[in-house]
1. Could you state the angle between the C-alpha long axis of helix 49-64 and the longest principal axis of the C-alpha atoms of the chain, as a value from 0 to 90 degrees rounded to the nearest 10?
2. Determine the alpha carbon to alpha carbon distance for each of 4/25; 90/129; 90/116; 81/119; 10/94; 4/66 and list only those over 20 Å.
3. What number, in percent, do you get for the relative contact order of the range 17-159 if the mean sequence gap of Cα pairs under 8 Å and at least 6 apart is divided by its residue count?
4. Could you report the chain's accessible area per residue, 1.4 Å probe, as an integer in Å²?
5. Please give the residues of the range 119-134, grouped as numeric ranges, whose backbone N is less than 13 Å from a label point set 7 Å along the Cα-to-Cβ vector of residue 140.
6. Within the range 83-124, what residues put their amide N at less than 19 Å from the label point 7 Å along the Cα-to-Cβ vector of residue 53?
7. So which GluC sites (Glu not before Pro) in the range 1-52 pass both tests, a DSSP loop state and at most 11 other Cβ atoms within 10 Å of the Cβ?
8. Give me the angle, in degrees from 0 to 90, between the Cα long axis of helix 134-152 and the longest principal axis of the Cα atoms of the chain, rounded to the nearest 10.
Amino acid sequence: MNIKLVVVGKLKEKYFKAGISEYAKRLSRFCKFRIIEVPDEKAPESLSQSQMDNVMDKEGERILAKISDREYVYALAILGKERTSEEFAKELDKLTTYGNSDITFVIGGSLGLSPKVLKRADTQISFGKFTLPHQLMRLVLTEQVYRAFMINEGRIYHK
C-alpha cells in the first residue's frame, strides 16, 4: 500500500518535522508513506477574488501534476465529510480490500484548494470546522493515518 500526502508549501518548524517523522517511521511497517511538497504561490496579503482564484489555480495545477489517474484522492476541506477515527479506519480498510492500493491526501495552500483539485478528489474529508495551520494539519493527518492502521489491527494505541 502507498500513502502519499501532496501538500502546498514547505514545512519549516522542527517540532512539526519531528512529529511527522516519528509517525512516518511508525507507518513504515504498514505502507510506503511519503510527502510531496509543491511550491506555494507568492501573493500579497490583500487579494481580490480573481487574484485568489488565480493563486488557487496555479497551486492546483502543481498538485494535480503529482497525482496519477489510479490514485484514490482525499481532499482536505472544511466542507468535507467529518469522520470518526473508527469510520476513517474502516474506510481505508475497505479501499485496500477493493484494490485501491494508492491513496493520496491533498492539503491545499492558505486559500484552500482549487475547484479542479476538488473535482479530481474521490472524496473530501474534514477534521472539523476549525482552521488549522497547514503544517499542523500535516501532523494531525499523519497521526490519524497511523491510528487507522492501529485500529484496523486491533491494537491498544487507539484507546
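1. It works out to around 40 degrees.
2. Numbers: 4/25 14 Å; 90/129 23 Å; 90/116 27 Å; 81/119 15 Å; 10/94 32 Å; 4/66 10 Å.
Long pairs (Cα-Cα over 20 Å): 90/129; 90/116; 10/94.
3. On the way: 158 pairs, mean separation 46.3, N = 143.
Relative contact order for the range 17-159 comes out at 32 percent.
4. Values: 9170 Å² over 159 residues.
Computed with neighbouring chains in place, this is 58 Å² per residue.
5. The answer is 125-134.
6. Within reach of a label on residue 53, which here means backbone N under 19 Å from a point 7 Å along Cα→Cβ, the range 83-124 contributes 109-120.
7. Numbers: sites: 13, 22, 37, 41, 45; in loops: 13, 41, 45.
Here the GluC sites (Glu not before Pro) that fit, given the DSSP loop and packing criteria, are 45.
8. Taking the Cα atoms of the chain, the angle to 134-152 is about 20 degrees.
The values are calculated or read from the model by the stated rules, or taken from the named source; none is laboratory data. Computed from a prediction, not measured in an experiment: that's the story for all the values here. Methodologically, a virtual Cβ is constructed for each residue, glycine included, from the backbone with ideal geometry; neighbour enumeration extends over all protein chains shown. Remember, those area values only see protein heavy atoms, side chains included, never the ligands or the DNA or RNA. Shrake-Rupley method; radii C 1.70, N 1.55, O 1.52, S 1.80 Å.
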